[in-house]
Protein chains: 2
Amino acid sequence: MQVQTLKGFRDYLPADMAPRQRMIRSIEAVFERHGFAPLQTPALEYAETLTGKYGDEGDKLLYRFTDHGERQVALRYDLTVPLARVVAQHRGALQIPFRRYQVAPVWRADKPQRGRYREFVQCDADICGADSAVADAEVLVAGLAVLRELGVAAAQLHLNHREVLFGVLRLHGVDAAGAQLACIRAIDKLDKMPPAAVQAEIEAQAGLDAGGAAAVVQAFTAGTTVADWSARAAVAGDAAFVAALDRIQVVLDLCNAAGHGGAIVFDAAIARGLDYYTGIIYETRLTDAKVAGMGAVMSGGRYDNLIGLFAGSAVPAVGISVGLDRLFAALQELELVGGNEAAVPVYATVMAPELAAPTLRLVGELRRAGLRVEMELGGGKLGKQFERASKRGARAVLVIGSDEVAAGTVVVKDLRAGSQATVAQADAASYLRDLGIT
Amino acid sequence: MQVQTLKGFRDYLPADMAPRQRMIRSIEAVFERHGFAPLQTPALEYAETLTGKYGDEGDKLLYRFTDHGERQVALRYDLTVPLARVVAQHRGALQIPFRRYQVAPVWRADKPQRGRYREFVQCDADICGADSAVADAEVLVAGLAVLRELGVAAAQLHLNHREVLFGVLRLHGVDAAGAQLACIRAIDKLDKMPPAAVQAEIEAQAGLDAGGAAAVVQAFTAGTTVADWSARAAVAGDAAFVAALDRIQVVLDLCNAAGHGGAIVFDAAIARGLDYYTGIIYETRLTDAKVAGMGAVMSGGRYDNLIGLFAGSAVPAVGISVGLDRLFAALQELELVGGNEAAVPVYATVMAPELAAPTLRLVGELRRAGLRVEMELGGGKLGKQFERASKRGARAVLVIGSDEVAAGTVVVKDLRAGSQATVAQADAASYLRDLGIT
């Protein structure tokens, strides 16, 4: 009998799952405050719905199979393509612009690595049906508010626009589509490879000579400002490039107004892999040295053509995706999650079998008062029961003997203070709250 | 291009998903108050882990396929078998008794029917490593507290014990294992078929004559009390039957003590389908006439041998499973969920493009103060913006013109009262809260 998880999959035991779940709740609450409403879509889709949306590499990573009705089906690979299908399918039932968030696992048959699993949870917020800069800013603001809510002060969102990538290349005389894409694929690796290696890749793949390739790498790494690029784009008469830079500046100004200016920078070297982006694109990296090498924890962009593949007519859209697992790992590293959140603050002992019923009566009252209480299940020596209570992280232990039953009282032992008190059962909930138990 | 969900699958759009999610949160909170901690397991398991646990019928309904590494895998069919695998695999890392809850989708390639889907969410709470009646009572109490929390007053948990089924049959001279199982399968249909049809099935399948079959049906439907069966079992010297009835009485007494006595009854005809139950078994039905035909909304039982299949040695366990989708449908029917929970209470208009930034500044402050605010994304005529606000269910609409920017104020229109007021931006959050917006 196989007693193990599949390679690339994992169980979240309570010690990890409790803080992880709290984190998910926080993210959902932030998205809701920003006007996003929850959506849930099936884990399985028609394979045809998903294929061809993620590039050849993505198609290979899809978990596909034939179902009992001989349909070709696949497990969802992300939350964006199912959203596009939903908007097309239920358009009449949705309020456009449609703001939705979704927190759900996705599956990719990727090579498992440290921190990379074949099943992982995405937390996405998207706005469909609005092409404005305000819509761009709204998803960025929501994402940055998530990081703030989680206590992640040291993070930077690197903002770019697909047309900036092409504009910079055009300025450097790279006009052929194939060469442009080869350059962008190489530029995308600047955060993982040294500039010289990126330059070599551009020479090999895009057919530029050494000088041209060096100039391209230099252009994307020099930290040129939006204003400087705008001036150069205007001189070159490159209207698409100018418009992209204008959009970036407006989005930066809006995020600044919303109080997130310090956490967002323009970065011409952000390329993003997925084929479907059409406008702004961005990645967010943690800047704390302890987790700086971790890669993007939150990314996304504008994809104005994806929904049109399903809907027939274009529906502009922009979104953000929080990488829950990576962000959770970072929070653990930064000690922003911790403590035994799976602990139960109150533990009720059972002194003798006939005392289980009166004990459970009090326990029921405390739970209805909102307290988290664990009930002893085995009985036996009180010392052993106290050991179990302590292992469960209990702050207070309840003891009810026959005297207490007769008097309507309970002995509350405070494990932290090492003290104890006998209190009326009717007062037990407020007594426990006064100890600081919530 | 396929623009549809798979047969038997469905999207939950915000209007349904928002109250559904609130319901899940309530269930989780109740389980936590009862000392259960969250667990998450993968959607995919080795097929071998799941096969042979749900009977032949269950095996056929498994979504199975071969993954990229030529492994036979399957989507989980319930949350109980993965839990058994977890307890065996991570035993050293868990605190025994292990109380966990899990809320997650499961997949069964069943024939879709009204209210029955191929993907549905289960909400389970289980205790592993305790064989006591207190453990039995604890899961029942948690389940009944869920129903109480959700406002479902009219529900009845029908409690039985596997050994009661066999004991009643033995009392009626049905001793052969095959005949017993055939009888139990027929008895299991008493809530869907008339007694005469059940009797006919017993005659045909278990080989009893008409009189014997009629007596068996009568025995299971007569409403005989625990005490009466106990007396008859004692006379017959059937120790296993006596012990099962004793256990039921203790569990009833404990649930009564915990304040749930009125919601639980002994019912000898509860059989449950799954092969792995060994002790108490139960189903919960809603008694309100509007939803009485809906079937069980919460069920489970004790399964002391299942974990042993994985762990090598026996680990007793008992659990409860809330059928979220069916219960949600019932709550909708009973009008216990409603209102537009996906609505956003505050809507910020944008009077002109240059006013987007100062508007977003105030919106950011209100969101940080915990309010749910939607920002206008398109601009245009204010009347259209108010229409959108109204469609989104907004209670209050914010208007910031250049005068307001200069004065640091905002116009708040109360859509319900039809009134409006100009308030300082710094006071906007408390003003909105005073309107009753949370």
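Under a model in which nothing but the beta-carbon of Lys, Arg (+1) and Asp, Glu (-1) is charged, the range B:40-158 shows a dipole of about 280 debye around its Cα centre.
Shape call for the range A:346-434 from the C-alpha gyration tensor, a ≥ b ≥ c root eigenvalues: rounded (a/c under 1.5), prolate (a/b greater than b/c) or oblate? Provide the component values of the computation, followed by the final result.
Numbers: a/c = 1.32, a/b = 1.04, b/c = 1.27.
Cα axes put the range A:346-434 in the rounded bin.
Across peptide A:303-314, the average count of Cβ atoms from other chains found within 10 Å of a residue's Cβ is 1.
Helix-only estimate, please: 222 nm mean residue ellipticity of chain B, summing -39500 (n - 2.57) across DSSP H runs of length 4 or more and dividing by its residues, to the nearest 500.
Value at 222 nm, helices only, nearest 500: -12500 deg cm²/dmol.
With a 10 Å cut-off around each Cβ of A:107-114, the average count of Cβ atoms from other chains is 1. Extension gain for residue B:406-residue B:148 works out to 87.6 nm (0.36 nm per residue, less the C-alpha to C-alpha distance).
Put the Cα centre of the range A:262-331 next to the Cα centre of the range B:248-292 and the gap is 50 Å. Applying 1/(1 + (r/R0)^6) with R0 = 35 Å to the Cβ-Cβ distance of residue A:96 and residue A:438 gives a FRET efficiency near 0.25.
By the Stokes-Einstein formula, at 1.306 mPa s and 10 °C, the protein assembly as shown with its Kirkwood radius over alpha-carbon pairs has D equal to 53 µm²/s.
Most mobile of A:202, A:270, A:320 per a Gaussian network model of chain A (Cα springs, under 10 Å)? It is A:202.
Across the range B:14-333, the mean sequence separation of Cα contacts (distance under 8 Å, 6 or more residues apart), normalised by length, yields a relative contact order of 22 percent.
Sorting the segments A:203-211, A:294-302 by their mean number of nearby beta carbons within 10 angstrom, highest to lowest, gives A:294-302, A:203-211.
Between copies, residue B:390 shows label-point distances of 6.7 nm, shortest first, with the point placed 7 angstrom from Cα along Cα to C-beta. By the gyration tensor of its Cα atoms, with a ≥ b ≥ c the square roots of the eigenvalues, what is the shape of the range A:1-129: rounded for a/c under 1.5, prolate for a/b over b/c, or oblate? It comes out oblate by the Cα gyration axes. Each label was represented as a point 7 Å from its Cα along the Cα-to-Cβ direction; for residue A:236 and residue A:177 these points are 1.9 nm apart.
Taking packing as the residue-averaged number of other Cβ atoms within 10 angstrom, the listed peptides B:346-356, B:27-37 run from highest to lowest as B:27-37, B:346-356.
The simple spin-label model puts a point 7 Å past each Cα toward its Cβ; for residue A:292 and residue A:114 those points are separated by 1.7 nm. Where the centroid of each part is defined by its Cα atoms, how far is the range B:170-225 from the range A:340-380 in Å? Cα centroid to Cα centroid, the span is 41 Å. Normalised by the number of residues in the range A:346-434, the average gap of Cα pairs under 8 Å and 6 or more apart makes the relative contact order 29 percent. Under a model in which nothing but the beta-carbon of Lys, Arg (+1) and Asp, Glu (-1) is charged, the range B:14-333 shows a dipole of about 680 debye around its Cα centre.
What does the charge add up to near residue B:154, with Lys and Arg as +1, Asp and Glu as -1, over the other residues with Cβ less than 14 Å from its Cβ?
Working: positive: B:148, B:285, B:290; negative: B:288, B:333, B:335.
Around residue B:154, the surrounding residues sum to 0.
For residue B:356, neighbours were defined as the other residues whose beta-carbon sits under 12 Å from its Cβ, and their charges (Lys and Arg +1, Asp and Glu -1) total -4. A Cβ-based charge dipole, computed about the Cα centre of the range A:163-230 with Lys and Arg at +1 and Asp and Glu at -1, lands at about 100 debye. Where chain A is carried onto chain B by rotation, the Cβ closest to that axis, with its residue and distance in Å, is A:65, 2. Note on chain B: antiparallel DSSP beta bridges, both residues inside, total approximately 80 percent of the bridges counted.
Under 8 Å for C-alpha pairs, at least 6 residues apart: give me the relative contact order for the range A:35-117, rounded to a whole percent. The partial results should precede the final answer.
On the way: 92 pairs, mean separation 32.2, N = 83.
Dividing the mean separation by the residue count of the range A:35-117 yields 39 percent.
Ranking of A:250, A:198 by neighbouring Cβ atoms within 10 Å, starting from the fewest: A:250, A:198. Each of A:73, A:164 has some number of other Cβ atoms within 10 Å of its Cβ, and from fewest to most they run A:73, A:164.
Look at A:386, B:98 and count the other Cβ atoms within 10 Å of each Cβ; fewest to most, that gives A:386, B:98.
If a/c stays under 1.5 just call it rounded; otherwise compare a/b with b/c (prolate if a/b is bigger, oblate if not). Do that for the range A:137-266, with a ≥ b ≥ c from the square roots of the Cα gyration tensor eigenvalues. Provide the component values of the computation, followed by the final result.
Details: a/c = 2.69, a/b = 1.59, b/c = 1.70.
Since a/c reaches 1.5 but b/c is at least a/b, the shape of the range A:137-266 is classed as oblate.
Projecting the Cα atoms of A:51, A:187, A:154 onto the charge dipole of the range A:14-333 (Cβ charges, centred on the Cα centre) puts A:154 farthest toward the positive pole.
Residue by residue through A:27-34, how many Cβ atoms from other chains fall within 10 Å of the Cβ on average?
Details: counts 0, 2, 2, 1, 1, 6, 12, 8.
That works out to 4 on average.
The simple spin-label model puts a point 7 Å past each Cα toward its Cβ; for residue A:430 and residue A:22 those points are separated by 2.8 nm.
Read-outs: derived from the displayed coordinates by stated rules, not from any lab. Just so it is clear, the model here is predicted, and its values are computed rather than measured. No Cβ is skipped: glycine too gets one built from the backbone with ideal geometry, and neighbour counts run over all protein chains shown.
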